[in-house]
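The values are calculated or read from the model by the stated rules, or taken from the named source; none is laboratory data. Keep in mind that what you see is a predicted model, and the values were worked out from it rather than measured. Positions of Cβ are generated from backbone atoms using ideal geometry, with glycine treated the same way; all protein chains shown enter the neighbour counts. Calculation scope for accessible area: heavy atoms of the full protein, side chains included, ligands and nucleic acids excluded. Shrake-Rupley method; radii C 1.70, N 1.55, O 1.52, S 1.80 Å.
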Amino acid sequence: MRDTVEIGVGREARRTYRLADVSLQPARRTRSSKEVDTSWHIDAYRFDVPVVAHPTDALAGPEFVKEYARLGGLAIINAEGLWGRHRDVGAAVRAVLDQPDAGSSNRQLQRLHAAPIDEGLLAERIGEVRESGATVAARVSPQRARELAPGLVAAGVELLVIQGTIISAEHVNHAGDPLNLKDFIGGLDVPVVAGGVSDYTTALHLMRTGAVGVIVGSGTNTNAEALGIGSAMATAIADAQAARRDYLDETGGRYVHLLADGEIATSGDIAKAIACGADAVVVDRPLARAREAAGGGFYWPSVAAHPSFPRGRVERVAEAGERPALEEILYGPASEPDGTTNLVGGLRRAMAKCGYTDLKSFQRVGLTVAL
C-alpha cells in the first residue's frame, strides 16, 4: 500500500524516500569481503564492477574510457558532446574551464555545442576506443536518436544508451513523427539501454520496448530547481524493481537490468542503490575528481549544454593537487573515511557485513527507514 499524506484539503501526495533515508540491515551471518563478487553483465557484456561512468565530456575523454575499461567498468561516451564537434577536444574543454565564473563556463559550453556534429569525426574517435578492446557505449538523446544511431552502430558502438532526464516510451511531437521506442529499438542491431524513469508505469513501458536496461533517475542536474521535477531514488529504484518483476512474469523470464542514476556520491550510496534493486549505478561527480577525467577537476552533466534551457552547472569538484587516480577512486587504498574513494571496496564490505557474496542476492538484504 502506498504511503500518502494530505498536503492540503483534497490534495494528497505520495511519501517517497531518498537513498539517504534508508539503511542496510545486517543479518546474523557475515562473510569475508574477499568472497564477494561484484561482477555484473548486461546482454553479452560482462563487467567487474557495477559502477558506470556518466556520459559527459567532463569524464569521458578517450584515455578515461580506456582506463575505465582496464579497471573493469563501463564508461559511456556522450555522442552529442564535444567528441564529434571539435577535433581538438582538449582545447574545447580548456575554453570552458578558463572562464572567470560558472555562468560564463555554461555559456561557453553552449557555444561549443552549437557547432554541428561531424559524424565522420565521431566515428573516427569511436573506432579508436573500439581498437583498445573497451566495450563501446554511446549516449544519444531521444530527440536525436533516429538521426545519430545508424552512424554510431556502423562506427562500432556496442551498447546504445538513449537517455534524457525524463523519458517516455513514445515521445509525442505534433510537429513531426514521434519516436516510438519499441519500433526503433526493434530495428537496431545492438542492445539498447533507455531512461531515465522515476516511476513503476514508465519503467514497465520502457521494458516493453525491448530495452535490455532501464536507467532509473536523471543524474546530477537542476531539474528540481528549473522544472520542479524530482525523484527520490530509493523509492524510484524499488518501483522499477517491481515493474521488472511483473515484466519478468509477463514475458516468461526476460530480465531487464536497472541502472540507478542519481544521489550516488559514496560507496554507501552504491550499496543502498543495489539493495533497493539496481544492478548497477551511474556515477558522475565522484569520478570527475580522477586525474584521468577529461574535465580537469570540473564536472558538468550532459544536459548542461542545452542551447536554451540548461539543467546543469559547470562546477569544480577537486583542486589540481587533490585529484586521485581513477584506480584509487574505484579500488583504493582510501585515506578519507567518507566512502568517496575505494568505492568498490566499500561496496564489497557492505555486502560481506550483510552476509551476501553476489549482487543479485544482495538485492534481498533488509532495509530500515529512520523517521
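Taking the condition in a loop (DSSP other than H, G, I, E, B) and either modelled with pLDDT under 95 or aliphatic (A, V, I, L, M) (or both), does Ala293 pass?
So Ala293 fits the description; yes.
I'm trying to understand the selection: among the residues of the stretch 237-256, which are β-branched (Val, Ile, Thr) and not in a helix (DSSP H, G or I)?
Val256
For the stretch 77-105: of the residues being under 18 Å from Val153 (Cα atoms) and open to solvent by less than 10 Å² (accessible area, probe 1.4 Å), which is farthest from the chain's Cα centre (by Cα)?
Looking at residues that are under 18 Å from Val153 (Cα atoms) and open to solvent by less than 10 Å² (accessible area, probe 1.4 Å), I get Gly84.
Filter the stretch 302-360 for residues that are small (Gly, Ala, Ser), in a helix (DSSP H, G or I) and at pLDDT below 90 and give the result.
Listed by number, the residues that qualify are Ser302, Ala304, Ala305, Ala320, Gly321.
Quick check: anything in the stretch 172-189 at pLDDT 90 or above, at negative phi and under 18 Å from the mean Cα position of the chain (by Cα)?
No, the stretch 172-189 contains no residue that is at pLDDT 90 or above, at negative phi and under 18 Å from the mean Cα position of the chain (by Cα).
Looking at Arg144, Arg111, which one is at pLDDT 95 or above and open to solvent by 10 Å² or more (accessible area, probe 1.4 Å)?
It is Arg111.
From the list Gly72, Gly151, Gly133, which residue is of a type outside the set (Val, Ile, Thr) and either part of a helix (DSSP H, G or I) or surrounded by 18 or more Cβ atoms within 10 Å (Cβ to Cβ) (or both)?
Gly151
Can you name every residue in the stretch 267-289 that is open to solvent by less than 10 Å² (accessible area, probe 1.4 Å) and of a type in the set (Gly, Ala, Ser)?
Result: Ala271, Ala273, Ala275, Gly277, Ala278, Ala280, Ala288.
Going through the stretch 319-347 one residue at a time, which ones are more than 24 Å from Ala294 (Cβ to Cβ) and either open to solvent by 80 Å² or more (accessible area, probe 1.4 Å) or among the β-branched types (Val, Ile, Thr) (or both)?
Pro333, Ser335, Pro337, Asp338, listed by residue number.
If I filter the stretch 199-224 down to residues being free of Cβ contacts under 8 Å to residues at least 40 places away in the same chain and closer than 16 Å to Gly262 by Cβ, which single residue comes out as surrounded by the fewest Cβ atoms within 10 Å (Cβ to Cβ)?
Out of the qualifying residues, it is Ala224.
Can you tell me which residue among Thr251, Thr235 is open to solvent by 10 Å² or more (accessible area, probe 1.4 Å), in contact with a Ser or Thr (Cβ under 6 Å, 6 or more places away or on another chain), over 21 Å from Val303 (Cβ atoms) and among the hydroxyl-bearing types (Ser, Thr, Tyr)? Before you say what the answer is, go through the steps one by one.
Numbers: Thr251 fails: in contact with a Ser or Thr (Cβ under 6 Å, 6 or more places away or on another chain).
Criteria check complete, one pass: Thr235.
Yes/no per residue for (1) closer than 23 Å to Arg2 by Cα; (2) among the aromatic types (Phe, Trp, Tyr):
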| residue | (1), (2) |
| --- | --- |
| Ala203 | yes, no |
| Ile215 | yes, no |
| Gly219 | no, no |
| Ser231 | yes, no |
| Tyr255 | no, yes |
| Leu259 | no, no |
| Asp269 | no, no |
| Gly277 | yes, no |
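Pick out, from the stretch 10-68, the strands (runs of 3 or more DSSP E) lying fully within it that include 3 or more residues that are more than 16 Å from Gln363 (Cα to Cα) and open to solvent by 80 Å² or more (accessible area, probe 1.4 Å). Reasoning before the result, please.
Working: elements: 11-14, 22-25, 40-42, 45-47, 51-53.
In the stretch 10-68, the matching strands (runs of 3 or more DSSP E) lie at 11-14.
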